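> Got a structure for you, written out below as structure tokens; questions coming shortly.
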Amino acid sequence: PERRAYAAVDLGASSGRVVLGVPDGDAGWRFTEVHRFANEVSEMEGVDVWDVEHLYAETLVGLRRAGATCESEGYRLAGIGVDSWGVDWTLVDADGRAELPVRSYRGAPDPAPVVAGRPLSVESVYALSGIPDHAINTALRLSAESTLGTADGRTLLFVPDLWVYWLTGKTGTDPTIASTSQLLRADTPAFTPELSSAVGVSNDALPRVHAVGSVVGPLTSEARSATGLGAEVTVFRCAGHDTAAAFAFADPSRDGVAEVLISSGTWSLVGAALAAPLTTEEARLRGFSNEHGATGTLLLQNQTGLWILQECLREWGSPDLASLLESVQRLPFDPRTFTTSAPELFGTGPMETRVRALCIAAGRALPNGRVSVVHAIIDSLAAAYASGVRDTVALTGVQPARIRIVGGGSRNDRLCRLTAELTGLPVIAGPAEATAIGTVAIQAAADGAVSHPAEVFDALDDAHVRHYPTTDTALVKETPA
Ligand code: ADP
Ligand code: LRH
């Protein structure tokens with residue numbers, strides 16, 4: 001029988017990759033990263049942008065490799081899916097030209113004037129969209145720019161939608177990425193003029209919302225010749241939002257709130273999968289968004305994540321992360337942590353100085369050298385995870401059995417260990433590539449190769465996951481203030 005394989009194009013804020021997933025007999029699924037390429041915010045004429053043309057060119061390289069790998073191993077590449085970071089967008093005009101470059105949320109303006117001028121109350125916007133006001137939200141930035149009062153034949157596409165458009169020539173979006181905009185309803189996957197008109201955005205410019213797992217179509221002839229792939233490869237609309245792809249295993253209708261979910265990458269997302277949105281005033285004040293998941297609602301607190309460490313590394317000329325982490329591995333937890341989501345850490349610019357200043361304010365003057373900085377960052381990220389877990393428990397009223405940490409940060413042993421110690425909940429860490437695995441799993445389910453995306457995750461072997469018990473209080477000696 002034909003052995004069908006699926007490719008995930010996973011665009012993260014710190015790197016992009018193309019991952020090939022193949023069914024591997026009784027052993028479940030095997031994942032091969034066929035291509036990885038760096039990504040970062042760059043500055044163009046004073047504006048923070050993503051070099052999407054470069055990222056797309058790298059994507060084509062990766063897809064070519066995915067095709068070649070399939071051919072040499074006797075698989076047929078049956079599907080391609082794309083996911084990326086949230087909120088950023090482009091406009092495609094009537095001639096199919098995308099407005100480039102895509103601006104990065106890192107340069108988002110102060111949203112206060114837009115919020116003050118909006119005819120809907122802060123509470124109504126939250127009740128409708130499930131998304132609290134945050135400078136990065138598509139809705140608030142579009143409004144600040146006043147560029148989309150009339151559609152003029154233009155269609156708004158989020159980053160994964162732009163990839164799907166370039167690959168297939170078809171416009172559209174999916175509920176997961178669209179929900180990061182604050183323009184989609186939380187209770188049903190539809191844009192509403194109530195939300196768009198409140199921020200002066202034409203509802204006509206918003207793309208059609210297609211279900212997660214729907215077929216988009218074959219590659220354009222241009223994409224075929226750039227990748228060497230044929231017309232038999234189907235592009236699927238997956239969970240375009242990387243966070244939703246990473247949590248594609250969590251199905252609240254099957255599992256209830258069994259675990260607290262943490263996605264640990266450039267951002268930290270902490271929360272739970274729910275059967276329906278939770279838009280209470282308490283949820284809003286605690287900073288939780290209700291985003292559409294691959295199924296159900298993802299109630300998530302957006303925290304600044306490993307961005308802080310990434311920017312320090314960039315400033316230090318990219319020293320080896322593993323050896324830096326090794327040098328803080330056995331240091332005791334210092335409860336004098338700083339607020340990782342402090343607004344001064346948000347933008348690009350010198351990070352070490354900003355971290356040192358916040359540490360001094362927290363009564364933790366750091367000695368010279370990088371080790372103390374890394375120590376303070378990891379301790380502070382773990383304290384933020386613990387606080388997000390407490391908030392999740394308070395909001396849902398459920399005492400979860402464990403915490404699941406996915407994403408690149410699940411490889412950070414100290415971070416995972418501290419999270420278990422500070423919360424008293426066991427941590428399951430991994431898979432680090434949950435996002436790409438989710439994007440493969442959604443295709444496999446849509447294509448009938450598995451009955452639920454969770455099956456693909458359930459079949460992962462121990463190489464993908466590590467267990468941290470709560471009894472290990474080796475690092476936490478004093479309880480944080
Ligand atoms: P994004 O999708 O936002 O680009 P990732 O999920 O790829 O983020 O996570 C990137 C982060 O993962 C890096 O900032 C780094 O701190 C962490 N990471 C990656 N590999 C390792 C490793 N081997 N050990 C510890 N941390 C790692
Ligand atoms: C994480 C993420 C997160 C936010 C941010 C912009 O990669 O998608 O969920 O939406 O990026």
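Every number in this text was worked out from the coordinates using simple rules, so none of it is lab data. All values reported here derive from a predicted model rather than from experimental measurement. Positions of Cβ are generated from backbone atoms using ideal geometry, with glycine treated the same way; all protein chains shown enter the neighbour counts.
> Among the DSSP beta bridges whose two residues both lie in the chain, what percent are antiparallel, rounded to the nearest 5?
On the way: 50 of 70 bridges.
Roughly 70 percent of the beta bridges in the chain run antiparallel, per DSSP.
> Give the relative contact order (percent, whole number) for region 1-88; include only Cα pairs under 8 Å separated by 6+ residues. Before the final figure, lay out the partial values.
Details: 153 pairs, mean separation 33.6, N = 88.
Once normalised by length, the contact order is 38 percent.
> Shape call for region 135-289 from the C-alpha gyration tensor, a ≥ b ≥ c root eigenvalues: rounded (a/c under 1.5), prolate (a/b greater than b/c) or oblate?
Details: a/c = 2.13, a/b = 1.20, b/c = 1.77.
Here region 135-289 falls in the oblate category.
> Starting from one equal scatterer on each C-alpha and no solvent at all, send me the Debye-based log10 I(q)/I(0) for region 1-154 at q = 0.10, 0.11 Å⁻¹, two decimals.
For the requested q values the scattering log ratios are -0.52, -0.61.
> For region 292-444, rounded, prolate or oblate, judged on the Cα gyration tensor with a ≥ b ≥ c (square roots of eigenvalues), a/c < 1.5 rounded, else prolate if a/b > b/c?
Working: a/c = 1.74, a/b = 1.47, b/c = 1.19.
Here region 292-444 falls in the prolate category.
> Amide H of residue 216 versus every other amide H placed in the peptide plane: which residues, excluding those fewer than 5 positions away on the same chain, fall under 5 Å?
Answer set, sorted by chain and number: 235, 236, 237.
> Considering every pair of different Cα atoms, what Kirkwood radius, in Å, is found for region 149-229? Please report the intermediate quantities before stating the final value.
Numbers: mean 1/r = 0.0732 Å⁻¹.
For region 149-229, the Kirkwood estimate is 13.7 Å.
> List 170, 477 from most exposed to least, where exposure is judged by having the fewest other Cβ atoms within 10 Å. Can you show the working numbers first?
Numbers: 170 16, 477 11.
Least to most surrounded, the residues fall as 477, 170.
> Ok, one more. Give me a comma-separated list of calculated 3J(HN,Hα) values for region 395-405, in order, Karplus coefficients 6.51, -1.76, 1.60 applied at θ = phi - 60°, integers in Hz, x for any Gly or Pro.
6, 7, x, 10, 8, x, 7, 6, 10, 10, 10
> Relative contact order of the chain: what whole-number percent is it, with Cα pairs under 8 angstrom and at least 6 residues apart? Before the final figure, lay out the partial values.
Details: 1056 pairs, mean separation 71.3, N = 481.
Result for the chain is 15 percent.
> Same structure again: Bin all alpha-carbon pair distances of the chain at 20 Å intervals from 0 and give each bin's fraction as a whole percent.
The calculated distribution, bin by bin, is 25, 59, 16, 0.
> Now, a different point. Could you give the longest part of the chain that holds none of the GluC sites (Glu not before Pro) found in DSSP loops with at most 11 neighbouring Cβ atoms within 10 Å? Provide the component values of the computation, followed by the final result.
Working: sites that count: 2, 45, 232, 478.
The answer is 233-477.
> Amide H to amide H, which residues 5 or more places from residue 29 or on other chains are under 5 Å from it, using H placed in the peptide plane?
Under 5 Å from the amide H of residue 29: 24.
> Identify, among 261, 135, 248, the residue whose Cα sits farthest towards the positive end of the charge dipole of region 129-282, taking +1 on the Cβ of Lys and Arg and -1 on the Cβ of Asp and Glu, with the dipole about the Cα centre.
248
> Using θ = phi - 60° and the Karplus curve 6.51 cos²θ - 1.76 cosθ + 1.60, what whole-Hz ³J(HN,Hα) does each residue of region 288-305 get, with Gly and Pro shown as x?
8, 9, 10, 9, 6, x, 4, 9, x, 10, 9, 8, 9, 8, 7, 10, 5, x
> Okay, next question. I'd like to know which of 467, 365, 442 lies farthest towards the positive end of the charge dipole of region 352-481, counting +1 on Cβ of Lys and Arg and -1 on Cβ of Asp and Glu.
365
> Hey, can you grab everything whose amide H is under 5 Å from the amide H of residue 35? Only 5+ residues off in sequence or another chain; H modelled, so Pro and N-termini drop out.
Correct list: 18.
> Suppose every K and R has +1 on its Cβ and every D and E has -1 on its Cβ; what is the size of the dipole of the chain about the Cα centre, in Debye to the nearest 20? Working shown, then result.
Values: 37 positive and 57 negative charges, 121 e Å.
I would put it at about 580 debye.
> Over all directions, how big on average is the projection of the convex hull of the alpha-carbon atoms in region 368-481, in square nanometres? Mind showing how you got there, number by number?
Values: hull surface 36.6 nm².
Mean projected area for region 368-481: 9.1 nm², to one decimal.
> Could you give the distance between the Cα centres of region 75-129 and region 1-48, to the whole Å?
22 Å
> Another question, then. Tell me, what ³J(HN,Hα) does each residue in region 232-246 have, in order and in whole Hz, if you take phi through Karplus 6.51 cos²θ - 1.76 cosθ + 1.60 with θ = phi - 60° and put x for Gly and Pro?
Once θ is set to phi - 60°, the couplings for region 232-246 become 7, 7, 9, 8, 9, 7, 9, 7, x, 7, 4, 5, 5, 5, 5 Hz.
> A follow-up question, please. Just rank 126, 165, fewest to most, by other beta-carbon atoms within 10 angstrom.
Working: 126 25, 165 21.
In increasing order of surrounding Cβ atoms, one gets 165, 126.
> More than 12 Å apart: what percent of Cα pairs in region 14-68 qualify? Intermediate results must be reported in sequence, preceding the final value.
Values: 1027 of 1485 pairs.
Of all Cα-Cα pairs in region 14-68, 69 percent lie more than 12 Å apart.
> Taking a ≥ b ≥ c as the square roots of the eigenvalues of the Cα gyration tensor of region 45-131, is the shape rounded (a/c under 1.5), prolate (a/b larger than b/c) or oblate? It would help to have the intermediate numbers written out before the result.
On the way: a/c = 3.09, a/b = 2.06, b/c = 1.50.
It comes out prolate by the Cα gyration axes.
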